[in-house]
Amino acid sequence: MRIADWRHPWLAEYPWPFLVEVNRRLCEAKHALHQQTSDGYSQAKTFWEQRHPQVTGIFEAASLCREIHRMAPFCFYNGNTLVAIIRDAIRPVLEKLDAEYAYILRSSIGHYVAGTIHEEEIQAILQSLPNLPAEQAE
């Protein structure tokens, strides 16, 4: 099975309060203000709550995280928060890959969510990863 085709509720375990707590802890560690923004918080929360439980591919899950990052629901560390979430969410895939490929996927997906690589690049990376036997992708 191609990793790009693996459908799963990747983000279902991460309700909005979990994201808020991740951001709070990141801010606390860096002595930064943990506060919601007036412009993006409500929209991001609604968008996340509607979509996070859905069964999707890895690319779609990462794209949701990227979109929330762009909405900037928090004053600081939006990117770090969403990168931490997606990296944790794809752990089942990372554990099935050789270390080299796991590093490539983990790093690339983080860069995509942070906005430093584009859709075409992450899609190409996902397509280039080795296939997993069907029984491993469960």
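The values are calculated or read from the model by the stated rules, or taken from the named source; none is laboratory data. As the structure is a computational prediction, the values presented were derived from the model and not from experiment. Glycine also receives a Cβ, built like all others from the backbone with ideal geometry; neighbour counts cover every protein chain displayed. Just so you know, the surface numbers come from the protein's heavy atoms only, side chains and all, with ligands and any DNA or RNA stripped out. Shrake-Rupley method; radii C 1.70, N 1.55, O 1.52, S 1.80 Å.
Some observations on this one:
- Shape of segment 28-108, Cα gyration tensor, a/c cut at 1.5: oblate
- 3J(HN,Hα) from dihedral phi, segment 118-128, Karplus parametrisation 6.51/-1.76/1.60, rounded to Hz, x for glycine, proline: 9, 3, 4, 5, 5, 4, 5, 5, 4, 5, 7
- Annotation: amide H-H contacts under 5 Å for Phe74 (H modelled 1.01 Å from N, sequence separation of 5 or more, or interchain): Thr37.
- Under the combined filter of DSSP loop state and at most 13 neighbouring Cβ atoms within 10 Å, segment 1-109 retains none of its chymotrypsin sites (Phe, Trp or Tyr not before Pro).
- With all protein chains modelled, accessible area of Cys75 [1.4 Å, Å²]: 50
- Among the trypsin sites (Lys or Arg not before Pro) within segment 22-86, those in coil by DSSP and having at most 16 neighbouring Cβ atoms inside 10 Å are Lys30.
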